[in-house]
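No lab work stands behind these numbers, since they all come straight from the coordinates. Remember, predicted model here, so these are calculated numbers, not experimental data. Don't worry about glycine lacking a Cβ; one is built from the backbone with ideal geometry, like all the others, and counts go over all protein chains shown.
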Amino acid sequence: MKATLIRPIGRRNQVTIPNQLLKRLGLHPGDFVNFVQEGKAILLKPMEVVEKEEWTKEDLDAMQRLFKEQKCKKQYIGFGDTQSALNYLRKIMKQK
């Protein structure tokens, strides 16, 4: 559903996001968002911040190879949240 709502940019480059959009997206004060430029538009994406993992370069390289293999085989895995994705990565890295 597209919603068109016009808001001014304030003196400190702030924009108030309409409450109805925040509710639809499940966003609350203190949540993090990512700003992505797409052409002449700005896309605002909700983000989840998780504790930094201590992956080695070898771990990261192995993950990248695995993801490429899965992509080639069209073996996509969906996750409901970030924690589920991290748990999956930890599990596959233990198997290697």
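Okay, here's what the table says:
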quantity	calculated
Qualifying residue in segment 64-74 (condition: surrounded by 10 or more Cβ atoms within 10 Å (Cβ to Cβ), without any contact (Cβ under 8 Å) to a residue 12 or more places away in the chain and touching a helix residue (DSSP H, G or I) at 6+ places or on another chain (Cβ under 6 Å))	no
Among (1) in contact with a strand residue (DSSP E or B) (Cβ under 7 Å, 6 or more places away or on another chain); (2) not in a loop (DSSP other than H, G, I, E, B), the one test that Leu22 misses	(1)
Residue satisfying all of: in segment 1-60; under 21 Å from the mean Cα position of the chain (by Cα) and small (Gly, Ala, Ser); nearest to Asp81 (Cα to Cα) among these	Gly26
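Yes/no matrix, rows are residues, columns are (1) in a loop (DSSP other than H, G, I, E, B); (2) touching a residue at least 12 places away in the same chain (Cβ under 8 Å):
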| position | (1), (2) |
| --- | --- |
| Gly30 | yes, no |
| Phe35 | no, no |
| Glu51 | yes, no |
| Ile77 | yes, no |
| Leu86 | no, yes |
